Amino acid sequence: MVVGAIMIAAILAFWQLIGVIILAGTLAVVLLPIHRRFIRVINPAVSAFLIATLVLVVVTSAIGFIITIFYTHSDYILYIINTILEWVSTLAATGTPTIGQNELNEWITRQLDGISTWSTDLLYQAPMLLIQGVVFLMALIIFIYKGDEIYTEIVESLPDRLSSGVQEISTTAVGTLYAIYVVHVITALITFFLAIPFFYFLGYDYILFYATIAGLFQLIPILGPSLLMIFLAIYALSIGDVRGAALIALIGYPIVCALPDLVFRPLIMGMRAKLNPLLMWIGFFGGLAVMGLIGFILGPLLIALVVSGYVVLIRELRRTKEEVNGSANHKDAA
C-alpha cells in the first residue's frame, strides 16, 4: 500500500509530463529490437544514447524537411490560393450562389488571427516544450536501457500461471505498438508511391511535391491526404479543369486516400497486431476524441490490452472451472 501510494503521488506530481513519458515508453518498446542488436557489439548505455540521438535527428530532419518543402513552394501555393479566391470572386460577380467576398475576407482574417494566436501561444510555451523534449529523450534512453531488465524482473517475480498471461498480453501490446508506429510510416510511404503516377497523369507538374505532401498528410490522423485532394479539386474547378476534378474524385481519392487506409493499413497491421482492424479503428478514433493526439497511440493500445486481458481471463476461468469440477468428480468417485 505504501509503494502504491508513492507511485500515485509521483504520477499526480508529474501529471503534466505523464503523456511525454508514456510516449517515450511506447516508442522504446518498438526500438528495443534495434537495441538488442546493438548491445552485441557496443555498451548498452551507449546503444540507448545512440538510438535516442538517432530519433532526435530523424524528428528534427523531418520537421526541417516539411518546413523547407512548404517554403520553397510558397509562391506556387500562394498562386493556387489566389486563383481559387479570384474564381470565387468571379462566381459571386456573375450572381452564382457562393461565398461573398466580404465573408471570404472575414474568414481569411479569422484564420490569420488564429495562426497569429497559435504562434504567440507557442512562443510562450517554448520553455515548457523544451523541458518536455528533454524529459522525452531522457525517458526514452532509460526505457531503452532498462526496458528488458524491468520486464524480466516483473515476469520472473510473478507465479508461473500468472506470468504466462502477462507474457501473452505483452506480446499483443508489442504487436499493437509496432502496428501503430511502423505501419503508420509504411502507409505514408505507400501513399507517396501511389501518388506519383496519379499526379503524373493529372498533369499539374510539381509531381514529387504533391506526392510528398500526400505522404506527409497521411501521417496526420483522420485527415490524411483527403485534405490535399479537396484543395486540388477546388483548384481544378477554379481553372475550369473538369477532367482534373473528375480524376481527383474518381481516381485520386480512391487510390491515394482510401486504398492505403482501408486496404494496406489493416492488411499490414493484421500481420503483426493480432487484433481486429475494426477494433483498431475504434481505438484510433476514440483515443483521438478522448485523449487528443496521444490518444492515436494510447487508444489502440488500451483496446488491445482489454481484448488480450479478456482472452486470458476467460481461459483462466475455464481452467479453474475444470479444476474445480475435476476435484468434485474425484471426491464423488472416492
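The values are calculated or read from the model by the stated rules, or taken from the named source; none is laboratory data. The model shown is predicted, which means the values in this text are computed figures rather than measured ones. Positions of Cβ are backbone-derived with ideal geometry, glycine not excepted, and every protein chain shown enters the neighbour counts. Protein only, heavy atoms only, side chains kept; ligands, DNA and RNA dropped before computing areas. Shrake-Rupley method; radii C 1.70, N 1.55, O 1.52, S 1.80 Å.
Looking for something at pLDDT 75 or above and under 22 Å from Thr26 (Cβ atoms) - is there at least one such residue anywhere in region 241-249?
No, there is no match, as no residue in region 241-249 is at pLDDT 75 or above and under 22 Å from Thr26 (Cβ atoms).
For the list (1) open to solvent by 40 Å² or more (accessible area, probe 1.4 Å); (2) at pLDDT 80 or above; (3) not charged (D, E, K, R), I need the number of the one condition that Pro159 fails.
The single condition Pro159 does not satisfy is (2).
Find the residue count for region 137-150, including only residues that are among the aromatic types (Phe, Trp, Tyr) and open to solvent by less than 90 Å² (accessible area, probe 1.4 Å).
1
Could you check region 134-160 and list, in sequence order, the residues that are small (Gly, Ala, Ser) and touching a residue at least 12 places away in the same chain (Cβ under 8 Å)?
Ala139, Gly147
Suppose we filter Leu50, Leu27, Leu23, Leu32 for residues that are of a type outside the set (Lys, Arg), assigned to a helix (DSSP H, G or I) and more than 29 Å from Met291 (Cβ to Cβ); which single one remains?
Only one candidate qualifies: Leu50.
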